[in-house]
Amino acid sequence: MAAVGIAFDSFLGSLGSAQAKTFSKITFVPSLPCCNVLHSKKLLLEAGGFDEELKNMCEDYDVNFKLRKRGYKIAVLPNSFVWHKLRSTPMKFLKNMYDYGKGRVFLMKRPGEFKLIYLLPIFFIIVMLASIFGFFNKLFLIPLLYFPLVLLYSFYICLKRGRINLAFHVFLVFILEHFGYAAGEIVELLRV
């Protein structure tokens, strides 16, 4: 479980999301996951509440987007933290990332929600699949450098936190997160 926190507290794991970070001063952010946030019921109802069609696929981002559209701000309180009960197995974590990827594509269809950076997971899978052609040209094998580079990065961030024993686990979290999220995006995109 600590490996997920370490991975998510890195740019490679969350693209700079505030989800797994601790801040020393009040910081305004575009969104926080519902497992980390308190909203006024009145404001939630005013914004239209949760979109039940989303289930647990980016429903928190959707609510935060609707609140921001109404002029409200999302703030992280200093030195606050939340204990999470994370997915108990790698397969459950992979499924969760898959659902998040599907939710991201669902939200990208909405006006004002599309950002080019959200297509990175799809690009990632396309580039990884290109390595199949490595038999014809060695340049197609370059994407496979992802694995040793992510492993080295995992060791680096774990060393910085004094948790070197978790490096391989963090590496596994990155692999499951990146491939699961990308697969969810592709499936939802093809469904559309």
statement: If we ask which residues in the range 23-69 are open to solvent by less than 60 Å² (accessible area, probe 1.4 Å), touching a strand residue (DSSP E or B) at 6+ places or on another chain (Cβ under 7 Å) and in a loop (DSSP other than H, G, I, E, B), their number turns out to be 3
message: If a residue must be at pLDDT below 80 and surrounded by 16 or more Cβ atoms within 10 Å (Cβ to Cβ), how many such residues does the range 87-106 contain?
response: 1
- prompt: Can you name every residue in the range 26-62 that is over 17 Å from Lys102 (Cα atoms) and within 19 Å of the chain's Cα centre (by Cα)?
  reply: Phe28, Val29, Pro30, Ser31, Leu32, Cys34, Cys35, Asn36, Val37
task: Under 9 Å between Cβ atoms, at least 6 apart or on separate chains: pull out the pairs that start in the range 112-124 with a residue that is closer than 14 Å to Ala182 by Cα and end on any residue that is of a type in the set (Lys, Arg) and open to solvent by less than 40 Å² (accessible area, probe 1.4 Å).
output: Tyr118/Arg104; Pro121/Arg104
task: Determine if the range 14-22 includes at least one residue that is assigned to a helix (DSSP H, G or I) and either at pLDDT 85 or above or more than 18 Å from the chain's Cα centre (by Cα) (or both).
output: no
query: Restricting the first residue to the range 32-54 and requiring it to be at positive phi, which pairs with a second residue that is assigned to a helix (DSSP H, G or I) meet a Cβ separation below 6 Å and a spacing of at least six or different chains?
result: Gly48/Lys66
- request: Say whether the condition of being under 22 Å from Val4 (Cα atoms), open to solvent by 60 Å² or more (accessible area, probe 1.4 Å), out of contact with any His (no Cβ under 7 Å at 6 or more places or on another chain) and assigned to a helix (DSSP H, G or I) is met by at least one residue in the range 170-178.
  value: yes
- request: Check Leu149, Leu190 and return the single one that is assigned to a helix (DSSP H, G or I), under 26 Å from Phe114 (Cβ atoms), open to solvent by 70 Å² or more (accessible area, probe 1.4 Å) and without any contact (Cβ under 8 Å) to a residue 12 or more places away in the chain.
  value: Leu190
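The values are calculated or read from the model by the stated rules, or taken from the named source; none is laboratory data. The structure presented is a predicted model; accordingly, all values stated were derived computationally and were not measured. Cβ coordinates were reconstructed from backbone atoms using ideal geometry, including for glycine residues, and neighbour counts include every protein chain displayed. Accessible surface is based on the protein model in full, side chains and every heavy atom, while ligands, DNA and RNA are left aside. Shrake-Rupley method; radii C 1.70, N 1.55, O 1.52, S 1.80 Å.
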